[in-house]
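**Q** Before I ask anything, here is the structure I am working with.
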Amino acid sequence: MAKCDIGIDLGTTNIKIFIKDKGVVIDEPSVVAVKKKTKELVEIGKKAYDMIGKNPDSILVKYPLTTGVISDYYLNELMIKELLSRVIKKSVKKPRICICVHSLITDVERRAVTEAALASGCGKVFLIEEPMASGLGAGLDMSNAKGFLVVNMGGGTTDIAVLSLNGIVLSRSIKTGGQRIDEIIRKNIASNHKLLIGRSSAEKAKIKMAIAKHPKKSLEYELKGRDLITGLPRSVVINQEDIYCQMKESIDEVINNIKNILEETPPELVGDIYASGILLTGGGSLINQLPELITEKIGVKARLADDPKECVVNGVGKSLDLLDDFSSIFLTATA
């Protein structure tokens, strides 16, 4: 039977599957729709995402992960099993699989993720933390005694880590990600404009208007939703400064945690980081002018990875070449 190695980026907002020698074969929103009474699968991925806010009471539409934490173990297992079934052919011998997880993962969550993969027909299961995968995906040579600082800003969490000698020296994971910012925007629009908007509307406004410094009042965006007083459809026009004010606290939290990590980092590694700079990965790092703001506040040059949104999954793909070595880059592996 044929052999196959598979990598999964188990993100809060998106799940991506990488097959060795083929690349990324699945890139779908981490959303599952099931029938409430029977828990029978209705849709998954993009089709389930399009149902958010439009589903009848008989159908539950949910992200199995929230702020990097598995909030629904059953739906998480269902999502992994269903997507893997689409890429694992019957002619393939039990594949080895590497799953990328966030730095805050608990032992219970490790077992849940591992068991879901094993139940899907996989053989040996490896786990790798997001900062390590980000470094690999960005092409960092972490094999020698040199320090790197990686900040991976994802949908559910932001992981900040100092990497050296194929390991994580220091790390911190904070529940500040794209989903939290979307929710802040929704709450502020409801509070300030008495307009209820959907999550996807908040996300689109963020993508279109997000900026880390020097917002422009002249740049405007129209949001449509339901008036909280009359219950009727209504729209409101916001400007870039509105979005900036709503995002500022989250961005400041990321910067403060970068400072805290650097304060705890051994002096020798701090020198390396000052020379190599701060590497930004993940979709959240694409906020306009964010590298410039971090450079200004920290005093260390911050730069975007070549392909920030794909760094993690590309790193998981590269890790597949190291499965036989049982490298220290892996968090754990099944026997």
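**Q** Pairs, please: C-beta under 9 Å, at least 6 apart or cross-chain, first residue free of Cβ contacts under 8 Å to residues at least 12 places away in the same chain and closer than 17 Å to I97 by Cβ and in the range 18-46, second open to solvent by less than 60 Å² (accessible area, probe 1.4 Å) and of a type in the set (D, E, K, R)?
**A** D21/D5
**Q** What's the number of the condition I238 fails, among (1) part of a strand (DSSP E or B); (2) out of contact with any His (no Cβ under 9 Å at 6 or more places or on another chain)?
**A** Of everything listed in (1) part of a strand (DSSP E or B); (2) out of contact with any His (no Cβ under 9 Å at 6 or more places or on another chain), I238 misses just condition (2).
**Q** On to the next question. Quick one: which helices (runs of 4 or more DSSP H) sit completely within the range 42-126 and have at least 1 residues that are farther than 19 Å from G317 by Cα, open to solvent by 70 Å² or more (accessible area, probe 1.4 Å) and not charged (D, E, K, R)?
**A** Counting at least 1 such residues, we get 73-87, 107-119.
**Q** Would you call S164 in contact with a helix residue (DSSP H, G or I) (Cβ under 7 Å, 6 or more places away or on another chain), touching a residue at least 12 places away in the same chain (Cβ under 8 Å) and open to solvent by less than 20 Å² (accessible area, probe 1.4 Å)?
**A** yes
**Q** Quick one: K217 ticks every box in (1) in a helix (DSSP H, G or I); (2) open to solvent by 30 Å² or more (accessible area, probe 1.4 Å) except a single one, so which number is it?
**A** (1)
**Q** Taking R172 as the residue in question, decide whether it is within 21 Å of the chain's Cα centre (by Cα), over 17 Å from A305 (Cβ atoms), in a helix (DSSP H, G or I) and among the basic types (K, R).
**A** Details: within 21 Å of the chain's Cα centre (by Cα): yes; over 17 Å from A305 (Cβ atoms): yes; in a helix (DSSP H, G or I): no; among the basic types (K, R): yes.
Considered against the rule, which asks whether it is within 21 Å of the chain's Cα centre (by Cα), over 17 Å from A305 (Cβ atoms), in a helix (DSSP H, G or I) and among the basic types (K, R), R172 comes out as no.
**Q** I would also like to ask the following. Looking at this structure, is K259 at pLDDT 95 or above, under 24 Å from I181 (Cβ atoms), open to solvent by 10 Å² or more (accessible area, probe 1.4 Å) and not hydrophobic (A, V, I, L, M, F, W, C)? Steps first, please.
**A** Details: at pLDDT 95 or above: yes; under 24 Å from I181 (Cβ atoms): yes; open to solvent by 10 Å² or more (accessible area, probe 1.4 Å): yes; not hydrophobic (A, V, I, L, M, F, W, C): yes.
Judged against the criteria, K259 is a match.
**Q** Can you work out which of the residues in the range 230-249 that are of a type in the set (S, T, N, Q) and farther than 13 Å from I197 by Cβ is nearest to the chain's Cα centre (by Cα)? First the steps, then the outcome.
**A** Here is the first cut: in the range 230-249, the residues of a type in the set (S, T, N, Q) are 230, 235, 239-240, 246.
With the extra rule that they be farther than 13 Å from I197 by Cβ, the set shrinks to 230, 239-240.
Numbers: T230: 37, N239: 27, Q240: 24 Å.
Filtering first and then ranking leaves Q240.
**Q** Just to verify a result, which residue in the range 17-35, among those that are at pLDDT below 95 and open to solvent by 80 Å² or more (accessible area, probe 1.4 Å), is nearest to L83 (Cα to Cα)?
**A** This residue is K22.
**Q** Take the residues in the range 232-256 that are among the polar types (S, T, N, Q) and within 16 Å of D182 (Cβ to Cβ); name whichever of them is least open to solvent (accessible area, probe 1.4 Å). Steps first, answer last, please.
**A** Taking the range 232-256 first, the residues among the polar types (S, T, N, Q) are 235, 239-240, 246, 250, 256.
Going one step further and asking which of them are within 16 Å of D182 (Cβ to Cβ), we end up with 246, 250.
Working: Q246: 22, S250: 3 Å².
Out of the qualifying residues, it is S250.
**Q** While we're on this one: Do the conditions hold for R172, that is, is it open to solvent by 10 Å² or more (accessible area, probe 1.4 Å) and touching a strand residue (DSSP E or B) at 6+ places or on another chain (Cβ under 6 Å)?
**A** Against the criterion (open to solvent by 10 Å² or more (accessible area, probe 1.4 Å) and touching a strand residue (DSSP E or B) at 6+ places or on another chain (Cβ under 6 Å)), R172 qualifies.
**Q** Then there is this: So which residues in the range 81-106 are more than 15 Å from the chain's Cα centre (by Cα), hydrophobic (A, V, I, L, M, F, W, C) and modelled with pLDDT under 90? Full working, then the answer.
**A** Of the residues in the range 81-106, the ones more than 15 Å from the chain's Cα centre (by Cα) are 81-98, 106.
Checking which are hydrophobic (A, V, I, L, M, F, W, C) leaves us with 83-84, 87-88, 92, 97-98.
Result: L84, V87, I88, V92.
**Q** Output the residues belonging to the range 220-235 that are part of a strand (DSSP E or B) and among the polar types (S, T, N, Q).
**A** Of everything in the range 220-235, just one residue is part of a strand (DSSP E or B) and among the polar types (S, T, N, Q), namely S235.
**Q** Of all residues in the range 274-298, which are within 19 Å of E130 (Cα to Cα) and not in a loop (DSSP other than H, G, I, E, B)?
**A** If the condition is that a residue be within 19 Å of E130 (Cα to Cα) and not in a loop (DSSP other than H, G, I, E, B), then I278, L279, L280, T281, G283, G284, S285, L286 are the ones that fit.
The values are calculated or read from the model by the stated rules, or taken from the named source; none is laboratory data. Not measured: the values here are computed from a predicted model. Using ideal geometry, Cβ is built from the backbone for each residue, glycine included, and neighbour counts are taken over all protein chains shown. Areas reflect the complete protein model, heavy atoms only, side chains present, ligands, DNA and RNA absent. Shrake-Rupley method; radii C 1.70, N 1.55, O 1.52, S 1.80 Å.
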